[in-house]
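Input: a single structure, listed below in structure tokens.
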């Protein structure tokens with residue numbers, strides 16, 4: 001049974017992809033970047049792989065892009081001009097090799113070349129003379145653009161091969177030539193061209209060959225149809241002999257590891273190449289094996305196109321959470337399904353303020369195009385409203401503030417775009433954050449009580465929690481409250497806190513709704529801070545005891561740029577939380593509540609001992625509470641709850657025996 005929302009998603013994806021492909025490949029217009037379109041197509045192909053019964057003959061995954069324009073004569077290709085299936089990771093390359101191995105192509109030599117970003121073209125030669133130039137079109141029928149292609153200076157008008165020959169390649173404009181054209185456009189006060197690929201395609205489709213002759217088009221060959229040559233690498237050699245220009249980036253690789261190493265090297269060097277590229281082509285080098293593997297749908301089994309990490313991608317907004325920064329500013333953050341952008345995984349992006357949300361009209365459930373500003377900071381470029389769910393509702397920012405922070409009041413001053421916590425003071429918020437970081441329930445840094453924290457902040461020695469770890473005894477002893485000995489002791493205590501238990505550190509950084517026990521649960525589940533930092537909403541919600549409010553709070557904290565900068569700075573200064581496994585402790589699986597006064601220790605100390613032995617400490621009696629430790633002056637309400645839930649009531653002496661003391 002296929003869910004209705006999946007069917008709806010597939011239909012909307014197909015409609016938008018087809019619209020993009022028509023504009024891009026037929027009209028030479030771009031309604032979105034190619035990277036964003038690739039991302040949508042990849043999503044559609046993954047859904048169809050999961051639900052094969054959804055595949056239809058007219059799906060964008062089943063056909064080659066574009067169709068012939070009526071203004072040119074249509075020409076049927078003798079052999080189809082096919083497109084390649086895209087892969088986006090080394091794992092997908094290995095999966096492709098495993099598939100063709102099952103068909104007999106075991107450990108084949110691979111021929112790898114750069115994938116040029118241009119207009120696909122077939123040049124047909126008869127008796128050694130250029131007879132016809134045909135665009136790819138829909139793969140079976142293209143457009144006769146011979147007169148325009150004849151103006152391209154690097155296209156041979158004759159070749160030293162008399163039999164019927166078809167050479168395939170890309171018509172491109174080199175980056176330097178493109179920049180020079182735009183320089184001339186600016187000098188004449190005319191609009192600049194958008195990108196080399198669109199300009200090359202648009203030029204080839206001009207009816208007047210003089211326009212093509214005036215622009216620096218180049219033909220870059222990459223294949224020949226049915227030449228009597230055994231290897232794809234031999235084809236490149238023959239192309240060079242016949243006078244065709246190739247990328248000169250091609251290599252033969254004997255293992256997948258060699259191929260991926262070359263592809264990764266090309267990725268780092270591609271900016272230096274004269275032409276645009278968005279990936280590499282990987283082919284089985286043996287042409288007989290290549291042909292024998294055949295075609296599935298509209299793509300050959302024996303070749304794939306490896307796409308480099310996109311500078312743009314599409315993803316779905318799972319939630320919009322609001323983060324409160326150290327100044328009290330409320331910053332909305334879009335939380336995504338994880339997606340690769342510019343070589344890294346992106347899970348969230350700042351939406352800046354309520355006005356930006358309204359400008360984008362971004363909503364939970366929307367499909368958005370994201371990019372990295374300066375290849376660093378993820379940003380939402382726009383919403384693809386064509387893919388918006390039918391039950392979508394506008395995002396109510398003020399209502400979201402009330403829901404996520406019911407205990408706080410917010411205000412937006414006249415002329416400002418930011419909502420802030422009412423009465424917030426940055427220094428006071430910093431002082432309270434440091435006090436909590438150093439408290440007994442957190443890192444327990446002796447000497448960082450209220451008065452000393454105030455002295456450090458007021459003196460300008462500490463502007464963030466991370467600054468604690470840069471303090472020197474010489475700086476501290478100059479303050480009124482300190483002498484040489486106490487200054488050295490404080491600095492030593494701070495330095496000694498650099499390898500705290502992970503659970504204590506999670507508590508210390510002050511994530512809303514995360515108390516000591518929840519921090520222990522999170523530490524036990526994720527075991528590393530980076531794993532928690534990169535957790536998705538669904539991963540958090542899978543944990544017992546983590547509901548939507550707590551999950552949103554965690555996501556908001558790890559989506560805030562200030563918080564992430566603080567964590568990175570702490571790491572740079574040597575603060576490395578360590579996971580402590582207490583699952584084998586003698587109290588593992590047992591939960592405790594302490595009521596009244598204990599003679600041997602305070603309640604915080606009791607909680608610490610319980611947790612150190614793997615037990616759970618709670619503030620109130622619930623159905624799962626195993627023991628209620630009753631000290632002096634025990635309240636009636638907890639005893640009544642214990643009786644109601646069958647919780648065993650023990651005295652301090654029994655409690656100490658359970659602790660092993």
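The values are calculated or read from the model by the stated rules, or taken from the named source; none is laboratory data. Keep in mind that what you see is a predicted model, and the values were worked out from it rather than measured. Note that each Cβ is placed from the backbone with ideal geometry, even for glycine, and that neighbours are counted across all protein chains shown.
Assorted remarks:
- Restricting region 470-495 to residues that are within 20 Å of residue 440 (Cβ to Cβ) and touching a residue at least 24 places away in the same chain (Cβ under 8 Å), the residue that is surrounded by the most Cβ atoms within 10 Å (Cβ to Cβ) is 490.
- Annotation: of all residues in region 578-622 being closer than 14 Å to residue 638 by Cβ and either within 37 Å of the chain's Cα centre (by Cα) or surrounded by fewer than 16 Cβ atoms within 10 Å (Cβ to Cβ) (or both), the one that is modelled with the lowest pLDDT is 619.
- Among the conditions (1) on the phi > 0 side of the Ramachandran plot; (2) touching a residue at least 24 places away in the same chain (Cβ under 8 Å), residue 415 misses just one, which is (2).
- The number of residues in region 216-241 being surrounded by fewer than 15 Cβ atoms within 10 Å (Cβ to Cβ) and either under 35 Å from the mean Cα position of the chain (by Cα) or outside any helix (DSSP H, G or I) (or both) comes to 4.
- Residue within region 361-368 that is in a strand (DSSP E or B) and either over 24 Å from residue 550 (Cβ atoms) or in contact with a helix residue (DSSP H, G or I) (Cβ under 7 Å, 6 or more places away or on another chain) (or both) present: yes
- Residue within region 344-358 that is touching a helix residue (DSSP H, G or I) at 6+ places or on another chain (Cβ under 9 Å), crowded, with 19+ Cβ neighbours inside 10 Å, assigned to a strand (DSSP E or B) and on the phi < 0 side of the Ramachandran plot present: yes
- Scanning region 93-103 for residues that are touching a residue at least 60 places away in the same chain (Cβ under 8 Å) and within 14 Å of residue 305 (Cα to Cα) gives 93, 94, 96, 97.
- Filtered residue count, region 372-421, keeping only those that are assigned to a loop (DSSP other than H, G, I, E, B), buried (at least 17 other Cβ atoms within 10 Å of the Cβ) and at pLDDT 90 or above: 2
- Among the residues of this structure, residue 453 does not count as one that is in the same structural domain as residue 507 (by TED's automatic domain parsing) and assigned to a loop (DSSP other than H, G, I, E, B).
- For region 242-257, filtered to residues that are over 24 Å from residue 196 (Cβ atoms) and touching a residue at least 40 places away in the same chain (Cβ under 8 Å), the residue that is farthest from the chain's Cα centre (by Cα) is 242.
- Residue in region 498-511 that is surrounded by fewer than 16 Cβ atoms within 10 Å (Cβ to Cβ) and touching a strand residue (DSSP E or B) at 6+ places or on another chain (Cβ under 7 Å) present: yes
- Residue 213 being modelled with pLDDT under 90 and buried (at least 18 other Cβ atoms within 10 Å of the Cβ): no
- Residue list for region 626-661, filter: part of a helix (DSSP H, G or I) and in contact with a strand residue (DSSP E or B) (Cβ under 6 Å, 6 or more places away or on another chain): 638, 642, 655
- Test: residue in region 460-473 that is outside the structural domain of residue 328 (by TED's automatic domain parsing) and more than 23 Å from residue 571 (Cα to Cα): no
- Residue in region 427-450 that is assigned to a helix (DSSP H, G or I), surrounded by 12 or more Cβ atoms within 10 Å (Cβ to Cβ) and in contact with a strand residue (DSSP E or B) (Cβ under 7 Å, 6 or more places away or on another chain) present: no
- Being buried (at least 18 other Cβ atoms within 10 Å of the Cβ), assigned to a strand (DSSP E or B) and outside the structural domain of residue 17 (by TED's automatic domain parsing) is a property that residue 338 lacks.
- The set of residues in region 50-91 that are at pLDDT below 75 and surrounded by fewer than 12 Cβ atoms within 10 Å (Cβ to Cβ) comprises 57, 58, 70, 71.
- Top-ranked residue of region 30-49 - restricted to ones that are touching a residue at least 40 places away in the same chain (Cβ under 8 Å) and in a loop (DSSP other than H, G, I, E, B), ranked as surrounded by the most Cβ atoms within 10 Å (Cβ to Cβ): 32
- Flag if residue 561 is outside the structural domain of residue 323 (by TED's automatic domain parsing) and either out of contact with any strand residue (DSSP E or B) (no Cβ under 7 Å at 6 or more places or on another chain) or within 30 Å of residue 464 (Cα to Cα) (or both): yes
- Going through (1) without any contact (Cβ under 8 Å) to a residue 40 or more places away in the chain; (2) closer than 19 Å to residue 436 by Cα; (3) surrounded by 21 or more Cβ atoms within 10 Å (Cβ to Cβ) one by one, residue 554 falls short only on (1).
- In region 119-142, the residues that are surrounded by fewer than 23 Cβ atoms within 10 Å (Cβ to Cβ) and farther than 19 Å from residue 238 by Cα: 131, 132, 138, 139, 140, 141
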